[in-house]
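Novice: Okay, handing you the structure first.
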Amino acid sequence: MGIRQILRQDENARSTTRAAMKAARRDRGDEQYIHAERGALARTVETIRDIGLDGRLTYSSAAAVAERALRGRGRRRPQVAIRRLVRSHRRGVTVGGFLTGLGGFITLPVLLPTNVLEFYVQATRMVGAIAVVRGYDLDDEEIRTRVLATLVGEDSQDLLKGLGLGPVAGAAARVATQRMQRTPQSDVAAAIASRALSRFGMRSVRLFGKAIPGLGAVIGAFSDRRQLSRILTAALAQFPERS
């Protein structure tokens, strides 16, 4: 069972994502989210985190796909393993983006929430696997938060600073992590979801392109690949090779 099949069966996840996408439309400067909206944002990113990093049913965890990528030459040359991870997940998001835009405006309202979840689950697993290949522990809550922060692409460093997190290692980071632990995890998740969903799903030009039958499939595939490349750039910077 692939990720799309899992998400098709999870109506609760899809409906929560619809609510989260609605909340993400609000002005970022507007902190007056009602409780349900903030809850939807937090639950959506927590679902993405849990499936992407830990897996579900037959959908492999980040650690499992990292281990497969490290086989053979990948064990001796981590860059080979990373290229394997990027290649496989790029294929996955390309197919998802293509299928979402294939039916145009007729199917887009139904398929878009699943596409958003699928894209971010695959991106989260890719980043988590890269972190494992480079020697980071996915059982560490700080590392899991950093994985999620990469979902906002080039804004990830600014987001982490706002959460009190500096560089990934060192005494300064340990102090910052203690500050972050005093912030409710739901608030951290909501902050990440708000930025990520507004960037991915709410761009009017992108949605207009996806709404054109046929052409929307090509635009969907291209835009999802491009966004994954931004996340990859953030991931490689966020998790440098450990000496």
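What follows is calculated from the coordinates using simple rules that are stated; it is not laboratory data. Predicted model, so just to flag it, every value in this text is computed and none were measured. Glycine gets a Cβ as well: all are built from the backbone with ideal geometry, and neighbour counts include every protein chain shown.
Novice: For a Förster distance of 22 Å, can you work out the FRET efficiency between the beta-carbons of Arg68 and Glu154, rounded to the nearest 0.05?
Specialist: It comes to 0.15.
Novice: Between Leu236 and Gln79, what length comes free when the chain is fully extended (0.36 nm per residue of separation minus the Cα-Cα distance, one decimal in nm)? Don't jump to the answer; show the numbers that get you there.
Specialist: Numbers: separation 157, 0.36 × 157 = 56.52 nm, distance 1.09 nm.
This chain segment gains 55.4 nm when fully extended.
Novice: Let me check against my output: what whole-number percent is the relative contact order of region 40-100, with C-alpha pairs under 8 Å and at least 6 apart?
Specialist: Reported as a whole number, the value is 16 percent.
Novice: Where Lys and Arg each count +1 and Asp and Glu each count -1, what net charge lies around Glu241 among other residues with Cβ under 12 Å from its Cβ?
Specialist: The answer is +3.
Novice: Another question about this same structure. Put a dot 7 Å past each Cα toward the Cβ at Glu141 and Thr94; how far apart are the dots in nm?
Specialist: 3.9
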